[in-house]
1. Residue under question is Gly21, and the condition is that it be in contact with a Gly (Cβ under 7 Å, 6 or more places away or on another chain) and among the small types (Gly, Ala, Ser); does it hold?
2. Test Thr76 against the stated conditions and say whether it is assigned by TED's automatic domain parsing to the domain that holds Leu108 and out of contact with any Lys or Arg (no Cβ under 7 Å at 6 or more places or on another chain).
3. Looking at the stretch 72-83, can you tell me whether even one residue there is surrounded by 14 or more Cβ atoms within 10 Å (Cβ to Cβ), closer than 15 Å to Ile13 by Cβ, of a type outside the set (Gly, Ala, Ser) and in contact (Cβ under 8 Å) with a residue 40 or more places away in the chain?
4. For the stretch 11-53, give me each residue that is hydrophobic (A, V, I, L, M, F, W, C) and touching a Phe, Trp or Tyr at 6+ places or on another chain (Cβ under 6 Å).
5. Looking at (1) in contact with a Ser or Thr (Cβ under 7 Å, 6 or more places away or on another chain); (2) part of a loop (DSSP other than H, G, I, E, B), which is the one condition that is false for Val36?
6. Restricting attention to the stretch 1-59, which residues are acidic (Asp, Glu) and surrounded by 15 or more Cβ atoms within 10 Å (Cβ to Cβ)?
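The values are calculated or read from the model by the stated rules, or taken from the named source; none is laboratory data. Since we're looking at a predicted model, the values are computed, not measured. Reconstructed Cβ throughout: ideal geometry from the backbone, glycine too, with neighbour counts over all protein chains shown.
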Amino acid sequence: MSKIAAIIGRFLIALIFIFSGAGKLMDIGGTETMIVAAGLPSGLAIPTGLFELVAGLCLAAGFMVRLVAILLAGFTAMTILFFHAQFGDPMQRVMMLKNFAIIGGLALAFAHSQMWSHYYLIASQRRGELAARDSDERVRDAELRAAKAEARADALENGGTVVAATPTAYEPRTVVTENGVPVKRRSRFFDW
């Protein structure tokens, strides 16, 4: 369940960057004006829009999550410094807090992607344990079949007949010897 929540959270954070990057690329002139007004050099509108769009798509797809989360967190911190540094303006303060929340979400995406690799390691170890257990069960079944066959062969070799030809794992085998006395053999140590 936490994996699904992390995927949904990562996707929702990525939507912010996808729509922002697409918006910047649709209005290159307006983006360029805003960037120059913040005191940054001109010509950054297209690279900024492409970066946001591609990084948002990578984050949404789960591709290189840790690297993309670090890059987007740095990018978001830079937008705080250049575009939302007017602490006296209530609107800029809200935008700054929103960006801090986005950085927090990106930090969680960074951390949770590391946890996924541990999850996959644990899951693969668990699959190995289950495969080993299945293998052990197959060996026990083969040993049980061999013991049944050996008991039948012993009974027939001693001149008796096998009464219970197909006992279950928990039922003792009953073999009738030539003098008619039933002999019970236990299939496992815990059968009492």
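1. yes
2. yes
3. Yes; the residues of the stretch 72-83 include at least one that is surrounded by 14 or more Cβ atoms within 10 Å (Cβ to Cβ), closer than 15 Å to Ile13 by Cβ, of a type outside the set (Gly, Ala, Ser) and in contact (Cβ under 8 Å) with a residue 40 or more places away in the chain.
4. Listed by number, the list holds a single entry, Ala38.
5. (2)
6. At the first step, the residues of the stretch 1-59 found to be acidic (Asp, Glu) are 27, 32, 52.
Answer for the stretch 1-59, where residues must be acidic (Asp, Glu) and surrounded by 15 or more Cβ atoms within 10 Å (Cβ to Cβ): Glu32, Glu52.
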